[in-house]
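Participant: Pasting a structure below so you can have a look.
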Amino acid sequence: MSAARRPARTVTALTAAGALALGLSACGSGDTTPSSSPSSSGSASASGSPATAVTTSKIADVKVSGGDEKSAPKIEMETPFGVGEFAVQVLTEGTGAATTDQSIAIIDYALVNGTSGASIDEIYTSNPTGFDVGDSTLISGLRKALTGVKKGSRVIAALPPADAFGPQGNTQIGVAGTDTVVFVFDVRDLATKLGQAEGTALPAKSGHPTVNWTKGTPATFTMPTGKAPTELVIQPLIEGKGAKVEQGDTAVVTYTGALWRNGQVFDSSFKQGPTASFSFPVGGQKVIPGWDKGVEGQRVGSRLLLIVPPSDGYGTAGQGEIKGDDTMVFVVDILAKY
């Protein structure tokens, strides 16, 4: 869990989007499920999964029909369905430029367990979610499926265990280590992600921490002597030139957080990998108040120094190594919004 997230307000149920992103993106999910119609069932072990992986199925044999921005498509296949290698098929070709590692793909999706034909998750009946195509922490099958697709496309992909959750599977969402995951998605929109903050550098302010920032690695801080501010401080270090982030937007950021009292870094998006990012709905109370307040109204491309007192952080209860009287210091790059 990101240290910037407020545990009491974080989505508690593990969603498939969160699982596909290895826990980096707390993406919401609706409670309704897509219609899948298995026409046969394979023999199962006591755990409900075949003893060995099925690898002989063809992606062309999966039929996808119907569905729109408010209803999930119908997915039909012979079960057990499984492939030996990753397979992808564009069912409807969109228009415009294709996604690259600098793209955020904003999609509706449905996930089905190929062994049983059972739904794992879908978000057609809620809101589309964005995936950072260049994020190396995404499971490989998801990243492959999202690369090179165009806005308006409908795509189906079959992810064998090696391209999904590996031989251990994911018991929290009902996927065994031998199951192929069927992934159907519609690309609703695309956004471009910056590699780092870019814009006009602003002078540092006296009495504030100094940020030492190197691309792809956690930042470090030189903390001033004296008491920390008792009110939230929002100091742009770089003023971006992009669109303004409004309440209700999803912001795509990188960040590093440290403690005022000793400069110790307690969390960073870069600990997940040099291309990892973090997304959150601005004003959605999914992060600490200091983040919601600090990012709203800023422009894409900005780098922010946020000095967050307990009242805008975790309060007097603290969180883990963050004590109830700790002031946190963050440097946040706003790379995209959607």
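Participant: Please give every one of the aspartates and glutamates within straight-line cross-link reach of residue 241, meaning a C-alpha to C-alpha distance under 14 Å, and leave out same-chain neighbours fewer than 8 residues apart.
Facilitator: 198, 333
Participant: Report the Rg/Rh value for region 149-266, based on alpha-carbon coordinates and the Kirkwood definition of Rh.
Facilitator: Values: Rg = 21.4 Å, Rh = 19.1 Å.
Expressed as Rg/Rh, it is 1.12.
Participant: Further question on the same structure: Once you list every other residue whose beta carbon is under 13 Å from the beta carbon of residue 331, what net charge do they have if Lys and Arg are +1 and Asp and Glu are -1?
Facilitator: Working: positive: 215, 303; negative: 267, 333.
Net of charged neighbours comes to 0.
Participant: What is the gain in length, in nm to one decimal, between residue 136 and residue 168 on full extension, counting 0.36 nm per residue of separation less the C-alpha to C-alpha distance?
Facilitator: On the way: separation 32, 0.36 × 32 = 11.52 nm, distance 2.01 nm.
Taking 0.36 nm per residue and subtracting the Cα distance, the gain is 9.5 nm.
Participant: Turning to a different aspect of this structure: Separation between the residue 214 and residue 89 pseudo-spin-labels, each 7 Å from Cα along Cα→Cβ, expressed in nm?
Facilitator: Each label point lies 7 Å from its Cα, and together they span 4.8 nm.
Participant: For region 206-317, with only Lys/Arg (+1) and Asp/Glu (-1) charged at the beta-carbon, what is the dipole magnitude about the Cα centre, in debye rounded to 20? The partial results should precede the final answer.
Facilitator: Details: 10 positive and 8 negative charges, 59 e Å.
Dipole size: approximately 280 debye.
Participant: Tell me the Kirkwood hydrodynamic radius of region 215-268 in angstroms, computed as one over the mean inverse distance between distinct C-alpha pairs. Kindly include the intermediate steps, with their values, before the conclusion.
Facilitator: Details: mean 1/r = 0.0718 Å⁻¹.
One decimal place: 13.9 Å for the Kirkwood radius.
Participant: Another question about this same structure. Excluding ligands and nucleic acids, what accessible area in Å² is computed for residue 311 using a 1.4 Å probe, to the nearest 10?
Facilitator: 90
Participant: Suppose the chain between residue 264 and residue 206 were pulled fully straight at 0.36 nm per residue; how much longer would it get relative to their current alpha carbon spacing? Spell out each step's value before the answer.
Facilitator: Working: separation 58, 0.36 × 58 = 20.88 nm, distance 2.07 nm.
Here the answer is 18.8 nm.
Participant: Separate question: So, counting K/R as plus one and D/E as minus one, what does the shell of residues with Cβ under 12 Å around residue 148 add up to? Write out the running numbers ahead of the final one.
Facilitator: Working: positive: 143, 144, 150; negative: 93, 101.
It works out to a net charge of +1.
Participant: Once phi is turned into θ = phi - 60°, what whole-Hz ³J(HN,Hα) does the Karplus curve with 6.51, -1.76 and 1.60 give for every residue of region 74-90, x standing for Gly and Pro?
Facilitator: Each residue's phi maps through the Karplus curve to give 8, 10, 10, 7, 6, 10, x, 10, x, 10, x, 9, 3, 9, 9, 9, 7 Hz.
Participant: Apply 1/(1 + (r/R0)^6) to the Cβ-Cβ distance of residue 74 and residue 243, taking R0 = 41 Å, and write down the FRET efficiency to the nearest 0.05. Walk me through the intermediate numbers first.
Facilitator: On the way: r = 37 Å, r/R0 = 0.90.
Efficiency for this residue pair is about 0.65.
Participant: Then there is this: Amide H of residue 275: which non-local residues (sequence gap of 5 or more, or other chain) have their own amide H closer than 5 Å, using H built in the peptide plane?
Facilitator: 136
Participant: Something else: Where a Cα-Cα gap under 18 Å defines reach, which lysines qualify for residue 151, not counting those fewer than 8 residues away within the same chain?
Facilitator: 70, 193, 337
Participant: Give me the tail of P(r) for region 188-338 as a percent: Cα-Cα pairs with distance above 25 Å.
Facilitator: Of the Cα pairs, 23 percent sit more than 25 Å apart.
Participant: Rolling a 1.4 angstrom probe over the protein chains, ignoring ligands and nucleic acids, what is the accessible area of residue 223 in square angstrom, nearest 10?
Facilitator: Spelled out: residue 223, probe radius 1.4 Å, area about 40 Å².
Participant: Now for a separate question. List, in order, the whole-Hz ³J(HN,Hα) value for each residue of region 129-136 obtained from phi through the Karplus relation with A = 6.51, B = -1.76, C = 1.60 and θ = phi - 60°; use x for Gly and Pro.
Facilitator: 10, x, 10, 7, 4, x, 6, 5
Participant: Under 12 Å between alpha carbons, and skipping anything fewer than 8 positions from residue 150 in its own chain: which aspartates and glutamates qualify?
Facilitator: 93, 186, 189
Participant: So, one more: Counting only protein heavy atoms and a 1.4 Å probe, tell me what percentage of region 192-243's accessible area is made up of carbon and sulfur. Kindly include the intermediate steps, with their values, before the conclusion.
Facilitator: Numbers: 1730 of 3240 Å².
Of all accessible area on region 192-243, carbon and sulfur atoms account for 53 percent.
Participant: Still on this structure: ³J(HN,Hα) across region 260-274 via Karplus (A = 6.51, B = -1.76, C = 1.60, θ = phi - 60°), whole Hz, x for Gly/Pro?
Facilitator: Values per residue, Gly and Pro as x: 4, 5, 9, x, 5, 6, 9, 6, 7, 4, 6, 5, 7, x, x Hz.
Participant: Taking a probe of 1.4 angstrom, what is the accessible area of residue 135 in Å², to the nearest 10?
Facilitator: Result for residue 135: roughly 10 Å² accessible.
Participant: A further question follows. So, in Å, what gap is there between the alpha-carbon centers of region 136-184 and region 78-108?
Facilitator: A separation of 10 Å, based on Cα centres.
Participant: May I ask you to compute the full-extension gain from residue 323 to residue 55, defined as 0.36 nm times their residue separation minus their alpha-carbon distance, rounded to one decimal in nm? Could you put the intermediate results ahead of the total?
Facilitator: Numbers: separation 268, 0.36 × 268 = 96.48 nm, distance 5.14 nm.
That pair, residue 323 and residue 55, stretches by 91.3 nm at full extension.
Participant: Taking K and R as +1 and D and E as -1, what net charge do the other residues with C-beta under 13 Å from the C-beta of residue 114 add up to?
Facilitator: On the way: positive: 58; negative: 61, 76, 78, 163, 179.
Around residue 114, the charge tally is -4.
The values are calculated or read from the model by the stated rules, or taken from the named source; none is laboratory data. Keep in mind the model is a prediction, meaning the values are calculated, not measured. Quick reminder, even Gly has a Cβ in these numbers, built from the backbone with ideal geometry, and neighbours come from all protein chains shown. Only protein heavy atoms, including side chains, enter the accessible area calculation; ligands, DNA and RNA are left aside. Shrake-Rupley method; radii C 1.70, N 1.55, O 1.52, S 1.80 Å.
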